[in-house]
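Below: one structure, written as structure tokens.
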Amino acid sequence: MSDDKANPEQANADAKLEVSRRDFLNEITLGALGVAGLGGAALTYQFFSPNVLFEQPTTFRAGNPDLYPVNSVTFLQDQLVYIVRTAAGFYAVSAVCTHLGCITQWKPDANTIACACHGSKFQPNGKKIEGPVARPLPHYAINLTAGGELQVDKLQIVEAARVLKV
Ligand code: FES
């Protein structure tokens, strides 16, 4: 005589357990398919999204020339550029050290642009004074817009002797 016949309640409970195990496996399978579907949808979305690198524009306006006193050096932190105004005119100098790319600082007391990383120092016009740096700070093209604002183009490196007369 088998146990099922001996204990019908036990057999009924086993049958219910079997059904719930099946349901459990069905739910696991649906869950796995759902996760795989979401992963596939995410990859598809990423594939069709434009792969674009957003960078700052290389040309920017630096405002009215009257903002800059004669014989001044103004650091534009968001552009990493110095706007230098002398009696002769304007020029724009990169604030990125040509040694290893650190950001330099204007030191008005010493009348120098200094790099704290390895101690290079530059004149306000970008020429090297001392330090391990081999090249001067580059000058960017600076012009006046039709509206009379200064405009700097960081893609155009110009000779240090070029000055914008205003
Ligand atoms: S990065 Fe400026 S001196 Fe080295």
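The values are calculated or read from the model by the stated rules, or taken from the named source; none is laboratory data. All of these numbers come straight from a predicted model, not from anything done at the bench. Cβ sites come from the backbone with ideal geometry, for glycine too, and all protein chains shown count toward neighbours. The accessibility values were calculated without ligands, DNA or RNA, using every heavy atom of the protein model including side chains. Shrake-Rupley method; radii C 1.70, N 1.55, O 1.52, S 1.80 Å.
Only residues that are open to solvent by less than 80 Å² (accessible area, probe 1.4 Å) and either in contact with a His (Cβ under 8 Å, 6 or more places away or on another chain) or at pLDDT below 95 (or both) were counted across region 43-73, and they come to 3. When restricted to residues that are of a type in the set (Lys, Arg) and under 18 Å from residue 123 (Cα atoms), region 60-95 contains 1.
Which one of these does residue 157 not meet: (1) assigned to a strand (DSSP E or B); (2) touching a Pro at 6+ places or on another chain (Cβ under 7 Å); (3) within 16 Å of the ligand (Cβ to nearest atom); (4) open to solvent by 60 Å² or more (accessible area, probe 1.4 Å)? Failing condition for residue 157: (3). The set of residues in region 94-119 being open to solvent by less than 40 Å² (accessible area, probe 1.4 Å) and over 22 Å from the mean Cα position of the chain (by Cα) consists of 112, 113, 114, 119. Listed by position, the strands (runs of 3 or more DSSP E) enclosed by region 38-136 that each have at least 2 residues that are among the hydrophobic types (A, V, I, L, M, F, W, C) and away from the ligand (no atom under 11 Å from the Cβ) are 59-63, 72-76, 81-86, 89-94. The number of residues in region 1-21 that are surrounded by fewer than 10 Cβ atoms within 10 Å (Cβ to Cβ) and either at pLDDT 85 or above or not in a helix (DSSP H, G or I) (or both) comes to 2.
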